[in-house]
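These notes concern the structure reproduced below.
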Amino acid sequence: MKRVRTRTLRGQILPASGFGKTQILIDDGMINRGYKVTGFYVFSESGQDTFNAALSFSPVIAASKMDAADNSQFAWSWHANLSSPHEGFIDPDHVAVRDMYVTVMNTNADNLFNYVVVMEQYAISNDEAIINIIKEGSQSL
């Protein structure tokens, strides 16, 4: 893998009844282009709301939670209470070749939530692309 450049993707999600998600389009049909997420940040418009958030390779359904056993989820962010700092974790063993999904859950506020995804673009081989597409499909390797 050869690092090519850094990209930043940002946007907003408006949860309804404590749950909201959006698709981040990165699939351009070039399987030899992969992305490694180095930063995943979620915060409410006011900065004062509690939430859980996940970055995944497939849509998270409304009844789901943050789930490290689910191979399609690879980054998490949360704000447990107003007196604690925002926290998060990114699995360092992933490369995104196809689209990603940001999900905000377990919030009691229907305020806008902002997300920022910082990622490094890599030139990858055909074999690396195939392995990462399999991993994106929630298969364990």
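Where a number appears in this text, it was derived from the coordinates with a stated rule and is not lab data. Given the structure is predicted, the values throughout are model-derived calculations rather than measurements. So basically every Cβ, Gly included, is an ideal-geometry build from the backbone, and we count neighbours across all protein chains shown.
Work out from phi, with θ = phi - 60° and the Karplus expression 6.51 cos²θ - 1.76 cosθ + 1.60, the ³J(HN,Hα) of each residue of the stretch 70-82, listed in order in whole Hz, and give x for Gly and Pro.
Values per residue, Gly and Pro as x: 8, 5, 6, 8, 9, 8, 9, 9, 7, 9, 6, 7, 5 Hz.
Eight or more residues apart or on different chains, and alpha-carbon atoms under 21 Å: count the Lys pairs in the stretch 2-136 matching that.
6
Got a sec to turn the phi values of the stretch 104-120 into Karplus ³J(HN,Hα) couplings, 6.51 cos²θ - 1.76 cosθ + 1.60 with θ = phi - 60°, whole Hz, x for Gly and Pro?
Along the stretch 104-120, the couplings run 10, 9, 6, 10, 9, 10, 9, 7, 5, 10, 9, 9, 9, 10, 9, 9, 9 Hz.
Which value, in debye to the nearest 20, gives the size of the charge dipole of the chain about its Cα centre, when Lys and Arg are +1 and Asp and Glu are -1 at the Cβ?
Once rounded to the nearest 20, the dipole reads 340 debye.
Among 72, 83, 125, which one shows the biggest mean-square fluctuation in a GNM of the chain, springs joining Cα atoms closer than 10 Å?
83
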